[in-house]
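Working notes, structure below.
The values are calculated or read from the model by the stated rules, or taken from the named source; none is laboratory data. No experiment lies behind these values; they were computed from the predicted model shown. Note that each Cβ is placed from the backbone with ideal geometry, even for glycine, and that neighbours are counted across all protein chains shown. Keep in mind that these areas ignore ligands, DNA and RNA; they rest on the heavy atoms of the full protein, side chains included. Shrake-Rupley method; radii C 1.70, N 1.55, O 1.52, S 1.80 Å.
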Amino acid sequence: MTPARLSALVLRSVDRAVDDGRLPAPGAALPDRVVVEAPPARGKGDYATAAPLRLAPSLHCAPGALARLLRGELAGAPGVGGVEISGLGFLNVTLDAQGRTELVRALAGDGTAQPSAHEAPAADIANWSAVTGDDTAALAVRTEASSPLFRVQYACSRAHALLRSGRALDVEAEPGAGGHAYSAPQERALLALLADGARHLQSGQERSAARHLESVAEAFHRWSATCPTLPLGDEKPGAAHRAGLALAEAVSAVLVRGLSQLGVTAPVLV
């Protein structure tokens, strides 16, 4: 369940309710999509949307009433585990195992987003600085503590290295392998940020997109430190490893696309 798919589901639910008389006909054209984003507060679902607040004026109804209607519509949709109303008209949507697995698969894409084996540090620093305003001298210090650019590039190369190591061990990425639900807090936090990436990259706000990539990189490092994706020692490869590698594949794809859009190399570890 991607944000785009959830947005379409919200609008289809509104159309159905208008058609069967549960909602009055809109007094103005409804938007083509509603904003679905990572929730401001972790633990409040996988997605958040203010759709009831945004759509209520055009539908001549109260935001709270629209929120209750949409909660009922969305709660039974495939991939949705639960929906809660927050405040005057916000919805917090929690995905189920099916929804998260579909999201991982969609984020990983078709495998065409590949990192580059050739780095151009000077150009990367200049381009990142032009977008973010970060000091070029600080960016030139290639450590995670000193350079946000390095943190993002390292996360990208690290995710790719996990996939390469998995293949060397005959462990292939498989979203949701063995019924893996991606329900650990670190997995959910990382997935929410990955899903929110398209919104940032399509916004035209490159500085916001760069800062979002930093958040993804930090969430990836927290996840990889607590949820091993490769067998350790004499451990045999299992479903959890295949599912974890699928999430690493999604991280790699999102970071490659983001860095490339900003004119920055998406490197591999050598």
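Consider VAL264 carefully, then state whether it is part of a loop (DSSP other than H, G, I, E, B), buried (at least 20 other Cβ atoms within 10 Å of the Cβ) and touching a Phe, Trp or Tyr at 6+ places or on another chain (Cβ under 6 Å). Criteria met by VAL264.
Based on what the data block shows, is GLY176 open to solvent by 10 Å² or more (accessible area, probe 1.4 Å), farther than 30 Å from ILE125 by Cβ and not charged (D, E, K, R)? Yes, satisfied. For segment 74-110, the candidate set comprises residues that are in a helix (DSSP H, G or I) and more than 19 Å from the chain's Cα centre (by Cα); within that set, the residue that is modelled with the lowest pLDDT is ALA75. ALA192 falls short on exactly one of the conditions (1) at pLDDT below 95; (2) in contact with a helix residue (DSSP H, G or I) (Cβ under 8 Å, 6 or more places away or on another chain); (3) assigned to a helix (DSSP H, G or I), and that condition is (2).
For segment 126-135, the count of residues that are surrounded by 14 or more Cβ atoms within 10 Å (Cβ to Cβ), within 30 Å of PRO228 (Cβ to Cβ), without any contact (Cβ under 8 Å) to a residue 60 or more places away in the chain and of a type outside the set (A, V, I, L, M) is zero. Scanning segment 225-270 for residues that are of a type in the set (Asp, Glu) and over 19 Å from LEU194 (Cα atoms) turns up ASP234, GLU235. For beta carbons closer than 8 Å, sequence separation of 6+ or different chains, a first residue in segment 212-223 that is part of a helix (DSSP H, G or I) and a second that is open to solvent by 40 Å² or more (accessible area, probe 1.4 Å) and among the polar types (S, T, N, Q), the qualifying pairs are ALA219/GLN186; ARG222/GLN186; TRP223/GLN186.
Looking only at residues that are in contact with a Pro (Cβ under 9 Å, 6 or more places away or on another chain) and more than 21 Å from ALA181 (Cβ to Cβ) in segment 236-268, which one is modelled with the lowest pLDDT? Among those residues, the one meeting the criterion is VAL268.
Residues checked against (1) under 16 Å from THR2 (Cβ atoms); (2) open to solvent by 60 Å² or more (accessible area, probe 1.4 Å); (3) without any contact (Cβ under 8 Å) to a residue 60 or more places away in the chain:
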{"site": "TYR47", "(1), (2), (3)": "yes, no, no"}
{"site": "ALA50", "(1), (2), (3)": "no, no, yes"}
{"site": "ARG54", "(1), (2), (3)": "no, yes, yes"}
{"site": "ARG68", "(1), (2), (3)": "no, yes, yes"}
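Does ASP96 satisfy being in contact (Cβ under 8 Å) with a residue 40 or more places away in the chain and touching a helix residue (DSSP H, G or I) at 6+ places or on another chain (Cβ under 6 Å)? Considered against the rule, which asks whether it is in contact (Cβ under 8 Å) with a residue 40 or more places away in the chain and touching a helix residue (DSSP H, G or I) at 6+ places or on another chain (Cβ under 6 Å), ASP96 comes out as no. The single residue among SER13, SER7, SER58 that is in contact with an Asp or Glu (Cβ under 7 Å, 6 or more places away or on another chain) and either aromatic (Phe, Trp, Tyr) or modelled with pLDDT of 90 or more (or both) turns out to be SER13.
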